Each structure stands twice: as C-alpha cells, then as structure tokens.
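The structure appears right after this line, and notes come after that.
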Amino acid sequence: MNPGKALFAACLLILAASTVAAETLKIGLNYPQTGRYKDQGLQQRLGAFLAVDEINQAGGLRGQQLELVIRNSRSDPAKGAKNTAELIDVEGAQMVFGGVSSGVAIASGKAARDRNRLYFGTLTYSNATTGSEAHSHMFREPYNAWMTAKVLSQYLNRNHADDDYFYITADYTWGWSVEESVRKFTDTEDTERHAGVKTPFPRAFVNDFQKALSQADASGAKVLMLVLFGEDMVRALNVAYEMGLTKKMQVVVPNLTLGMARQVGPTIMEGVVGGSPWVWNVPYELDYPRGKAFVETFSKRYEMRPSTAAASAYSIVYQYKDAVERSGTTNTQSVIRALEGHRYTFLKDEQYWREFDHQNVQSVYVVKIKPRETILADPFGSDYFSIVESMPGENAVQTRQEWEARRRAAGKPLSL
C-alpha cells in the first residue's frame, strides 16, 4: 500500500476508535417539569443527575459515560408514552425511567415494552403498575398502594379503630388504588359510615376541594383521608386549615413527600400522618451509611434535603448500572434476568426486585409531622418527619396468591 494511503487509513481507524469511545450510553428520564406534580418531578431530575455525575466521575458504566436525556411528561399518559417512544427511537436511550402519575408510568412502560426497553417506575403508587398492568419490561422502585395501606392500617387501627373516616380521593388509578386498599385494611369499607367523594384529576380547582371538605366537616368523621398528591394535596390541606378541620380531625395523607410538606409549610402540616417508603432522616435514625452519604451529598450540592422522589430516581440509576455490570451487557433480556430476584442494600436496609411482578420489596414507614420549631431547627428547615411506625417489606407486600387473584380478575396471564 502507498505509505500516504496507509497513513490516511490509520488516521481513519484512530478517528473511528475515538468516536466509538466517545459515544455515551443514554438513559431517558420522563418526568413532569410542569403541572400539579412538578415539584416531585424536579426532585427526580436532581436525584438522577447526581447519580449520573457520580457514576461518570467514577469511570462511567462499562467504560462509557452515562448521558441523561429528559422529556416533560406534563403528568399526561399520552404525552408520557410519546416521550418514551422518542427517548428510545430518536435519542437511543437504553432504559427509561420516571413518572409521578401512575397513569403516565403505565402508559410509558407499555411504550418501552413495545420497543424492548426497560421502564423503571419512579413515583407510581397505583397497585395496577405491578399488578393488573404489570409486564416483563416494567420495574417499580417505590412501594405501592397496597403496601402503603398495610403500614398505615397498623398505625390507624391502633390509634383510630373506632373513629369514622371521610375519604377525599383523586379520581384516577392511583387514587382508586389507595382508597380501596386503605379501606380494606382499616375495615372502613362501609361507605355509608365512612363516606367519601372523588375530586377531578388532573384539573381540580380550589372550589372542588372546598365542596369536598365541607362534606367532610358535615360528616362528623374524626379521620380525614386525603388521597391527593402534589399540588392537589397542598391546595386541599390549605383549605382544610382555613376551615379549622386540621384541629377537629386527624389528617392522613397516604403518600406523603418532603416536597408536599415544604409547600404547605410547618404550621399547617403539624400533626399530619402519612406513609412513605423513604424519608431523608431514616438513614440517620436507623444508621444506614450509604443513605447518609446520599443525603449529605445531595444537601450540599442543591442546598435542600432530598425527597422520596429524589431517592427513588437516584437508586434506579445505580440499580440499572449494577444490573448491566452483573449481566455484562445492556441487552434488555439479560438486564431483566439480572434484576429479577436481586437483593441489595443501598439507601436503607435490604431490598429486592420480586421475580413474578417486578415490585421492589422493601421496608415501609408511617411518619408524623413534627412541631414547627423542630422542623425549622434543621439547617435546611426540613426536619419534618417523625417515624412512628415501620413494617418489613415481606409483611407489607401482596402475596403471590393475592397478586394472581388480581390478575385473574383483570383477565391477565399469571406470569409476565
């Protein structure tokens, strides 16, 4: 070969090798940047970017730098599914995660499945996500409505067994799941005694909450179950406070997050009870070193405490990295096999991905909002949560038999 041509060919090979080495491994985050759940969406973004930066600084994933590609779901299922398709088909994402609305997570998970990609539900609590709508390509990192209800009922049955309840519920899949599950485990399925109303989703107005809360007040109930999330819960709780209901009733928010508590503020939030799979003080109170390191790094970087949503997104990125490394490939089927049944300890005690439904089995908690002075004593004004109850994941989660009964009722196969 002519020496000049040989040199030119060698240069092309070096350039090609450099280009391949420079290619990033893309993962997609599909979250609400706008709308009623935007605060929870922002927390997902912050947690995900922190994980990606840490992994890249440590050498990346199997020699490749991770690149986080984002889309705004606007809490709309159709938009979430479209985003997922674009993240995979256009951006080349090997995995997609995110979602606050369960409707978005379910629709997005199906879009990922159709393209043979994994979808990790980041903040999706409807039983359907890993129940009637479960499939091989969906993995749910947080707990579900059933698990929420199990741990809450343990607390409520001990402290409010003889009280009447009133339910105000967001009218979509997550709200239905939570209300159904809480009623089941607190023995409040008698809707004449334990009445309730549905509020529109995603476009409830303040007057919708005013009407619902007026009915709650007139009912004489002692427990007000606010099955609402994000800004809907914030608006409803502010109205409840203005009406004096927070002094007359025990307010319960089944899925309570730090972002929601901060939006309402310590004065109104004091004494509210809720469920959570993780809050930032759990690692300190129960001595989980990796969890403490996450909280401290997050707090220093963003000058705020991380919420459940941030912890979930952060954990998912690391769990995907770990599964790819253990399987030795990004091949979807291989990663699924690496995840199924895998046990790990990360931000708290041991968790695992259950094989038959891809639900993450983990400890769950009941928290109660501390007095205002305690909350504000924290450097970031965020010491909201007193842990008043906990339950091991094995006790909280549905059994295989219970799961199969749900699948049969939905006309779905008994395996993914």
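The values are calculated or read from the model by the stated rules, or taken from the named source; none is laboratory data. Remember, it's a predicted structure, so these values are computed and weren't measured experimentally. With ideal geometry, Cβ positions are generated from the backbone for all residues, glycine too; neighbour counts draw on all protein chains shown. Surface areas here come from the heavy atoms of the whole protein model, side chains and all, with no ligands, DNA or RNA. Shrake-Rupley method; radii C 1.70, N 1.55, O 1.52, S 1.80 Å.
Brief remarks follow.
- Overall form of the range 172-211 per C-alpha gyration tensor (a/c, 1.5; a/b vs b/c): oblate
- In terms of its C-alpha gyration tensor, the range 72-169 comes out prolate, because a/c is 1.5 or above and the ratio a/b outweighs b/c.
- Of the residues ASP76, ASP357, ranked by 1.4 Å probe accessible area with the largest first, the sequence reads ASP76, ASP357.
- Whether the range 129-218 is rounded, prolate or oblate, judged on the alpha carbon gyration tensor where a/c under 1.5 counts as rounded: oblate
- Split the accessible area of the range 219-375 by element, probe 1.4 Å, and carbon with sulfur accounts for 45%.
- The alpha-carbon atoms of the chain define a convex hull whose volume equals 142 cubic angstrom per residue.
- CD proxy at 222 nm, helix term only [per DSSP H run n ≥ 4: -39500 (n - 2.57); per residue of the chain; nearest 500]: -15000 deg cm²/dmol
- Residue ranges 91-103, 276-288 sort as 91-103, 276-288 when ordered by packing (mean number of other C-beta atoms within 10 Å per residue, highest first).
- Accessible-area composition of the range 30-162, carbon plus sulfur, in percent [1.4 Å probe]: 44
- A Cβ-based charge dipole, computed about the Cα centre of the range 151-193 with Lys and Arg at +1 and Asp and Glu at -1, lands at about 220 debye.
- With Cα atoms defining each centre, the range 26-60 and the range 113-174 are spaced 22 Å apart in the structure.
- Computed accessible area, THR332, all protein chains, 1.4 angstrom probe, square angstrom: 10
- Proximal lysines to LYS26, defined as alpha-carbon separation beneath 18 angstrom and excluding residues fewer than eight positions away on the same chain: LYS82, LYS321
- Listed peptides 198-208, 110-120, 222-232 by packing density, highest first (mean Cβ within 10 Å): 222-232, 110-120, 198-208
- For the chain, accessible area per residue (1.4 Å probe, heavy atoms of protein chains only), Å²: 39
- Helix 230-242 axis, angle to the chain major axis (alpha carbon atoms, nearest 10°): 20
- Order by protection proxy (mean Cβ within 10 Å, highest first), peptides 121-129, 47-55, 79-87: 121-129, 79-87, 47-55
- Bridgeable lysines around LYS198 (alpha carbons under 21 Å apart, same-chain partners fewer than 8 residues away excluded): LYS184, LYS211, LYS222.
- Label zone at PHE380, where the point sits 7 Å out along the Cα-to-Cβ direction: the range 247-265 residues whose backbone N lies under 14 Å: 258-263
- Of the GluC sites (Glu not before Pro) found in the range 157-212, the ones in coil according to DSSP and having at most 13 other Cβ atoms within 10 Å of their Cβ are GLU189, GLU192.
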